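Here's the structure, in structure tokens; my notes come after.
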Amino acid sequence: MRMKSPGNIRVMVVAALLVLSGYAAMALDWPMWRANSSRTACTSETLDTANLQLHWKRQYSVPQPAWDKQQEEYCYGGPPNKITNKLAFDIAYQPVVMGKRMYVASMNNDSLTALDLRTGAELWRFYADGPIRFAPVAMNEKIYFGADDGYVYCLNTKGVLQWKKRGGPSPRKVMGNDRMISNWPVRGGLVVPGAETPSENPAYTAWLASKNAARNQFKIAANSDDAEEMVGGTDTYIDSSDLELMNDGGMQIIGIRFSNAFFGLVPNGNVSNATIQFRVDELKNGTLPLTVRIYGEKSGASATFTTGNDSVSGRVRTTAYVDWEVPNWTVVNSTGPEARTPDLSPIINEMLTCPDWTANSAVTFIIEYVSGNGVRCADAQDEASAGPVLNLQTDSLVDLPTAPPAPPQYNPILNDTNVLYFGAGVYPFEGTFIHALNKETGETVWLNDGAYLRFTTNPHGGSEGYNGNGPQGYLCTGLGGKLLVPNGRNRPACFDRSNGNLLYHLIGSGTGVGYFVASEGARFFMNSDTDVPKALNLSNGSAVSEPVPETMREGELKINVGGTIFDGGRLFGGLSGAPETFQVVGGSFAQQFPARPAGLLAANGYLIVSTTDGWIYCYGQGESQSGQKAYPYTPAPNDIPASYLTEARRLMDAAGYRNGMKGNCLVFGVSSLRLVKALASVSDLNIIVLEPNVTKANRLRKDMNLCGLYGKKVHVIAEDFVEADLPSYSAHMIVTERPYPIHEYLTDETRHGAWYRKNCGALDANNEWRPYDPTVCSNNVLREIFRVLRPYGGAAILNLHPSYGVGPFDDLPNCEVTRIKCYEHRITKV
């Protein structure tokens, strides 16, 4: 969001708080762009701004946005603050956080990278076939993202592909941003609705909360509600990400407190069964014997833990206790029976007899060592939603309030938290597609492929013409089961999430917002052509009648608000103004940066700042235990043997290449990267490598990325040449590294039989498949190469096996074949 004056910053803060008002507390992860499906940038995470210190920073290559040359998309900040306004979705890296990991998508090298949130160390990298321009979605141990290759991917937390789904009707490709991408790139950013979607009816929100409490499953509410105290009554820790049962550099006592406004256990009630479910964090002597003893705190006024002495051990204990001979812990992240306590109901029932017990009293447990030399390491509350969970079976809860009627804008029946929404395609005349997928399987729930083109009034100048839905930006959910799709200069389109029907798209009602939409209650908010955000009615897309003041006061200094987040207690904003000052402020935290802060998030005790020069900064509470780390972007030297440079120049001379010539060079039949590197080094061509073996393709990508060439001059597509559906006339030059690659392609029936049958008309008079005929396939494959080759200067340098020779080109119009040496030939269009 961008503003002209300091006064306008206040306007934006007011707008942000309007979006945040009444929003329910969320998990401490930051699972998607702007934290949630309503895109409010609001989280229940509360950061101690006075204690934030830099833990690590990492630099990637400077982001190359999709719309960097669109002058009308810039705001009026002026140099050096000229920044994209409408379509700025990829001017900086936009990380998300799940648990102890951060996930970063790259628009430069087509990758999704997993980082250790605590240290910034890279854990793994997954490559797509095109740029990834939008933040991923990370939840429930899965990571989802879409790419310009036209696919949506689902990975597990180890970076292994679970499923992928194409957004367009075919694999057809076009040139986009100097890259070979899908004709229908995923430019409608992924969103998964959250159960925390807010309501304007406070009574309804309270009823939902009480209903959730009735499920008899309770989580720890704050990081001070679990603690580790060293035996002896000193050194109590309340901010650890794990709980060591029972030794962490010394024997310790564990305290766990469950507090909930709707707990509802009545005095002198009865609990028939109660257990605490842990989640395994690390395997530390997890197979050695260990026995612990569990007490309760005998009080109806149990307080949260502090760092003071005896904060755990100094509490009055119940007479009842339960000994737990802890089974072996052998699987990380397990929440199985081995990590579940025995029945603790005798302890809780004794607590309910306390004279000061009320329905809102907290339940606190104290765990002590008994015997054994094993250690069991469990996730603490600080590890987002993975902390201990108390499960109860009881009929002694207070009566739940009667459910008030649902607000008219909200559909409480719709439960689509298992559905992933995204948009594919950019231009309505090419077709655009809005998808709803089952996020566990990738199967289609519904598809709207008919909202893309109609004769209408356009948003610019009142002209008429064909226009329609063209997703460009992050999809956003709203009350009443609505799905908002940003449309660049057009107003957002609104769809019904239950069936995919288009509800409204007011194309001719003024210009739109670009990539940003946020919803709250019965309204949604968007940027506009002016510096004042617009508020619109969610029900029909009309403008809200109440005026929004344009300014509160004028000033000389022009400042851009690069990003805002709300951490439960403070508003953080990334600001940029003259002279060349870029900073993030929030609470008592204020930090300057060498480039514009364009991405902010708060998760699991950390503040993350992403800037437009490719740096990601991570601030944590206090000093980092592992020391402050920096990972600058330093490509490795591109060392190429002289023989490969000579061969590259020979091939380019044979193809008629001249210095400074632009275009695409397609390379297939790659045996090593040396020729590819050499071609990239001695020419200005865009090198596109086609390698169907995914393992080999990833190895090529990794090597190219290490030397700083990948995505910049070299691009690898993990597809076969004959199945990639490349655009006609797109190749200035086609070369190969292996001898007789065409022969290798054609003699592999297992690999190419299906393509042969589909494209070579291999049906006989009885409509049955003819036997595989490599000669027929030869003709068609070589014709496919010729189709992709550009005329008037394009050339393919190929080794043609003597079994086939140049015959397939004989009847092609305007084809000229010249023998260079042995079986090497030059094929051109004249």
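Here are a few things to note about the model shown:
- Relative contact order (percent, whole number), segment 122-196, Cα cutoff 8 Å, 6+ residue spacing: 29 percent
- Contour excess over end-to-end distance, with Cα ends at T634 and R454 and 0.36 nm allotted per residue: 59.9 nm
- The protection proxy used here, the mean number of other Cβ atoms lying within 10 Å of each residue, ranks peptides 607-618, 326-337, 727-738, 366-377 as follows, highest first: 607-618, 727-738, 366-377, 326-337.
- From most to least packed by mean Cβ count within 10 Å, the peptides 183-194, 297-308 give 183-194, 297-308.
- Summing charges over neighbours of V331, with a neighbour being any other residue whose Cβ is under 14 Å away from its Cβ, gives 0 when K and R count +1 and D and E count -1.
- Applied to segment 665-675, the Karplus parametrisation 6.51 cos²θ - 1.76 cosθ + 1.60 on θ = phi - 60° returns per-residue 3J(HN,Hα) values of 10, 8, 10, 9, x, 7, 9, 8, 8, 5, 5 Hz, with x for Gly and Pro.
- Packing, taken as the mean count of other beta carbons within 10 Å per residue, orders the peptides 30-42, 239-251, 134-146 from highest to lowest as 30-42, 134-146, 239-251.
- Efficiency of FRET between S240 and N391 - r from beta-carbon atoms, R0 22 angstrom, step 0.05: 0.40
- Leading residue at positive end of dipole, segment 614-681 (Cβ point charges), from G627, A678, A648: A648
- Out-of-range pairs (alpha-carbon distance over 30 Å; input K712/K821; K158/K284; K100/K165; K662/K821; K219/K298; K165/K702): K712/K821
- Global geometry of segment 634-735, whether rounded, prolate or oblate, following the gyration tensor of its Cα atoms and the 1.5 cut on a/c: oblate
- Note on segment 211-394: dipole from Cβ charges, positive end direction compared against V266, A386, A222; the farthest Cα belongs to V266.
- For segment 211-394, the alpha carbon convex hull comes to 102 Å³ per residue, rounded to a whole number.
- All other residues whose Cβ lies under 14 angstrom from that of V322 are scored, Lys and Arg at +1 and Asp and Glu at -1, for a net of -2.
- Relative contact order computed over segment 211-394 (Cα-Cα under 8 Å; 6+ residues apart), in percent: 39 percent
FYI, it's all coordinate maths here, none of it is from the lab. No experiment lies behind these values; they were computed from the predicted model shown. All Cβ positions, glycine included, derive from the backbone under ideal geometry; neighbour counts span all protein chains shown.
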